[in-house]
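Participant: Take a look at the following structure, please.
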Number of protein chains: 2
Amino acid sequence: MTLELVSTAKSFEGEQRVYRHRSSTLDCEMTFGVFLPPAALEEKSPCPVLFFLSGLTCSHENFIQKSGFQQHAARHNLIVVNPDTSPRGVDIAGQDDSYDFGSGAGFYVDAKQEPWSKHYKMYSYVTQELVDVVNANFPVVPGRRGIFGHSMGGHGALICALKNPGLYQSVSAFAPIANPTECPWGQKAFAGYIGSNPDDWAQWDATLLVSHYESTPQELFIDQGASDNFLQAKQLLPENLLTAADGNEHIQTIYKQRAGYDHSYFFIATFIAEHISYHAKLLTAT
Amino acid sequence: MTLELVSTAKSFEGEQRVYRHRSSTLDCEMTFGVFLPPAALEEKSPCPVLFFLSGLTCSHENFIQKSGFQQHAARHNLIVVNPDTSPRGVDIAGQDDSYDFGSGAGFYVDAKQEPWSKHYKMYSYVTQELVDVVNANFPVVPGRRGIFGHSMGGHGALICALKNPGLYQSVSAFAPIANPTECPWGQKAFAGYIGSNPDDWAQWDATLLVSHYESTPQELFIDQGASDNFLQAKQLLPENLLTAADGNEHIQTIYKQRAGYDHSYFFIATFIAEHISYHAKLLTAT
């Protein structure tokens, strides 16, 4: 579990770092970002940790460079960890053929289909190995862990939380792919990674997970730009998740639709302060 | 003076736009960013305008994506315009051979040397043509104009202001190349663009301009990361500019050295709020 420090830069009195490590789950080298807020650096005080999962085509870099999250994480003294979106540097035929499958598009599932199943296990990586790596290497408060993400990563944040009640104490998503079994992006990914039987897909779909959720009450904060072209193209389908949540007393939703905003990092940057405040409130509640 | 809208995205209730136009000064197509704050959109109220000049290797995109300036420009109702760093799409042998000369490295001077002199006139572009384009196309308050920049663009902001007393009412710079005639970056650029006689270089060097400045009193706000590797490599030399300013009653300086910060956009993002507040105060003063 050795971490190699790739880079570090002071940012809002904290430090934005990038690390590389050998992932046993994915059987490849992986890179991820860690922001350490001032309290974690100066006083080495344990802080809550918030995981961010990025969308299609992203590496660990996009969120670090474009979202402006650091100022808010610094203010609330949250450690923020953001992994890459797929295994990297592996040798699978066809992995670079399209933007929405393979490299940069791991979809936060554990693949069952050959040849993807050898490496493409982003779900286990995010919910188990990366949690262990963070716990072992950074001053995190036990049991104070949040997750959020964007688009494919919003889907990832929702399913990671819904499949692991109690693992995360706060969950939010920007423009998530909320019902992947019913949209072209999700159908392509699940057919490739999981197989041709749609019954096997249900456990990776936030809307279907919400329908059957019976555990600890869970609140989901979902943020959506009203002028998002992927919303209009029915790739995101938050309305289906909201309908499912309406029928389940164990799920509460906060849904905000933002007039005029699109699917880009300009949307994320505009509302990231609100999301980080939301997570901080839940993660520091006594 | 026709502008082509390349893209627009809602950001902090304003709009981040990118435009393309034919520059007569540079004799090529140029791209620049314009952020319109809420007041400029909703009420079409005239707003002050702040120009940002980027550093080596940048296009118009880096500042738009990485600095996080939009939230502060929106709050202060400033229009922010950021041009590219050199002519683009022109055919000059050798222009892409190095990161610090030619494409992406126009140095905000007017070249005298062939073959650069046909296109490389970023000084006239920034101080004249772009000002005219902005005045003609956006709701700007006459005579409320600021300029700032980073590294090569910090040099650009300083010389544009010092050579044009009264054109800009506020000036700041992040880690500027403050004395280019005395550093390797500046010497290479000036030899190539201006020629081999160092006497011709003086009018493009902020420290030398400060030494001889005798016009309207001018305040310069300079911000510098103390762990900036280019500071240590003597490429920036802010100390020379400060010494020159100490000897000139017409120049006031505000100099902040930030412990631990480097030359990157993480440094800019951390202190951009302070810079934009500084400009807003001067540009909205009665």
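Participant: For the range B:197-227, what are the residues that are within 16 Å of B:Gly247 (Cβ to Cβ), in contact with a strand residue (DSSP E or B) (Cβ under 8 Å, 6 or more places away or on another chain) and among the aliphatic types (A, V, I, L, M)?
Facilitator: Those that are within 16 Å of B:Gly247 (Cβ to Cβ), in contact with a strand residue (DSSP E or B) (Cβ under 8 Å, 6 or more places away or on another chain) and among the aliphatic types (A, V, I, L, M): B:Val210, B:Leu220.
Participant: A further question follows. Within the range A:240-286, how many residues are open to solvent by 20 Å² or more (accessible area, probe 1.4 Å) and assigned to a loop (DSSP other than H, G, I, E, B)?
Facilitator: 11
Participant: Could you give every pair whose Cβ atoms fall below 8 Å, whose first residue belongs to the range A:219-232 and is away from chain B (no Cβ under 14 Å) and of a type in the set (Phe, Trp, Tyr), and whose second residue is in a helix (DSSP H, G or I) and open to solvent by less than 30 Å² (accessible area, probe 1.4 Å), counting only separations of at least 6 or pairs across chains?
Facilitator: Short answer, once both residue conditions are applied: A:Phe221/A:His275.
Participant: Can you tell me which residues in the range B:33-81 are small (Gly, Ala, Ser), more than 11 Å from chain A (Cβ to nearest Cβ), crowded, with 21+ Cβ neighbours inside 10 Å and under 20 Å from the mean Cα position of the chain (by Cα)?
Facilitator: Within the range B:33-81, the first condition is being small (Gly, Ala, Ser), and the residues that meet it are B:33, B:39-40, B:45, B:54-55, B:59, B:67-68, B:73-74.
Still in the list and also more than 11 Å from chain A (Cβ to nearest Cβ): B:33, B:39-40, B:45, B:54-55, B:59, B:73.
Of the ones still in play, those that are also crowded, with 21+ Cβ neighbours inside 10 Å are B:33, B:40, B:54-55, B:73.
Within the range B:33-81, B:Gly33, B:Ser54, B:Gly55, B:Ala73 meet the criteria.
Participant: Okay, next question. Check A:Gly225, A:Gly149 and return the single one that is over 16 Å from the mean Cα position of the chain (by Cα), among the small types (Gly, Ala, Ser) and open to solvent by less than 30 Å² (accessible area, probe 1.4 Å). Please lay out each step first, then the result.
Facilitator: Numbers: A:Gly149 fails: over 16 Å from the mean Cα position of the chain (by Cα).
Selected residue: A:Gly225, the only one of A:Gly225, A:Gly149 that is over 16 Å from the mean Cα position of the chain (by Cα), among the small types (Gly, Ala, Ser) and open to solvent by less than 30 Å² (accessible area, probe 1.4 Å).
Participant: Just the residues that are small (Gly, Ala, Ser) and facing chain A (nearest Cβ under 9 Å), please, taken from the range B:237-286.
Facilitator: Step one: list which residues in the range B:237-286 are small (Gly, Ala, Ser), which gives B:244-245, B:247, B:259-260, B:264, B:269, B:273, B:277, B:280, B:285.
Once the filter is applied, which keeps residues that are small (Gly, Ala, Ser) and facing chain A (nearest Cβ under 9 Å), the range B:237-286 yields B:Ala259, B:Gly260, B:Ser264, B:Ala269, B:Ala273.
Participant: Taking A:Gly195, is it out of contact with any Phe, Trp or Tyr (no Cβ under 8 Å at 6 or more places or on another chain), more than 14 Å from every other protein chain (Cβ to nearest Cβ) and modelled with pLDDT under 95?
Facilitator: Working: out of contact with any Phe, Trp or Tyr (no Cβ under 8 Å at 6 or more places or on another chain): yes; more than 14 Å from every other protein chain (Cβ to nearest Cβ): yes; modelled with pLDDT under 95: no.
In short, no.
Participant: How about the range B:3-30: which of its residues are open to solvent by less than 40 Å² (accessible area, probe 1.4 Å), of a type outside the set (Val, Ile, Thr) and touching a Phe, Trp or Tyr at 6+ places or on another chain (Cβ under 7 Å)?
Facilitator: Filtering the range B:3-30 for residues open to solvent by less than 40 Å² (accessible area, probe 1.4 Å) gives B:3, B:9, B:11, B:14, B:16, B:18-19, B:21, B:23, B:25-26, B:28, B:30.
Imposing the further condition that a residue be of a type outside the set (Val, Ile, Thr) reduces the set to B:3, B:9, B:11, B:14, B:16, B:19, B:21, B:23, B:26, B:28, B:30.
Hits for the range B:3-30 are B:Leu3, B:Ala9, B:Ser11, B:Gly14, B:Gln16, B:Tyr19, B:Ser23, B:Leu26.
Participant: Sticking with this structure for a sec: Assess whether B:Glu129 counts as being free of Cβ contacts under 8 Å to residues at least 12 places away in the same chain and surrounded by fewer than 24 Cβ atoms within 10 Å (Cβ to Cβ).
Facilitator: Details: free of Cβ contacts under 8 Å to residues at least 12 places away in the same chain: no; surrounded by fewer than 24 Cβ atoms within 10 Å (Cβ to Cβ): yes.
Against the criterion (free of Cβ contacts under 8 Å to residues at least 12 places away in the same chain and surrounded by fewer than 24 Cβ atoms within 10 Å (Cβ to Cβ)), B:Glu129 does not qualify.
Participant: Given the conditions (1) of a type in the set (A, V, I, L, M); (2) within 24 Å of A:Ala9 (Cα to Cα); (3) in a strand (DSSP E or B), and given that B:Leu220 satisfies all but one, which numbered condition is not satisfied?
Facilitator: For B:Leu220, the exception is condition (2).
Participant: Do you know which residues across the range B:168-206 are buried (at least 19 other Cβ atoms within 10 Å of the Cβ), outside any loop (DSSP other than H, G, I, E, B) and hydrophobic (A, V, I, L, M, F, W, C)?
Facilitator: Passing the criteria: B:Val171, B:Ala173, B:Phe174, B:Trp185, B:Ala189, B:Phe190, B:Trp204, B:Ala206.
Participant: Looking only at the range A:116-138, count how many residues are under 25 Å from A:Ala178 (Cα atoms) and part of a loop (DSSP other than H, G, I, E, B).
Facilitator: Going residue by residue through the range A:116-138, those that are under 25 Å from A:Ala178 (Cα atoms) are A:116-117, A:119-131.
Right, trim to part of a loop (DSSP other than H, G, I, E, B) and you get A:119-120.
Summing the residues that are under 25 Å from A:Ala178 (Cα atoms) and part of a loop (DSSP other than H, G, I, E, B) in the range A:116-138 gives 2.
Participant: Identify, please: which residue in the range A:207-217 is part of a loop (DSSP other than H, G, I, E, B) and open to solvent by 30 Å² or more (accessible area, probe 1.4 Å) and is, among those, farthest from the other protein chains (Cβ to nearest Cβ)? Lay out the reasoning, then the answer.
Facilitator: Here is the first cut: in the range A:207-217, the residues part of a loop (DSSP other than H, G, I, E, B) are A:213-217.
Still in the list and also open to solvent by 30 Å² or more (accessible area, probe 1.4 Å): A:214-217.
Working: A:Glu214: 39, A:Ser215: 37, A:Thr216: 35, A:Pro217: 34 Å.
Only one residue tops the list, namely A:Glu214.
The values are calculated or read from the model by the stated rules, or taken from the named source; none is laboratory data. What you see is a predicted model, and the numbers here were worked out from it, not measured in a lab. Virtual Cβ from ideal backbone geometry, glycine too; neighbours counted across all protein chains shown. Ligands, DNA and RNA are excluded from the accessible area calculation, which covers all protein heavy atoms including side chains. Shrake-Rupley method; radii C 1.70, N 1.55, O 1.52, S 1.80 Å.
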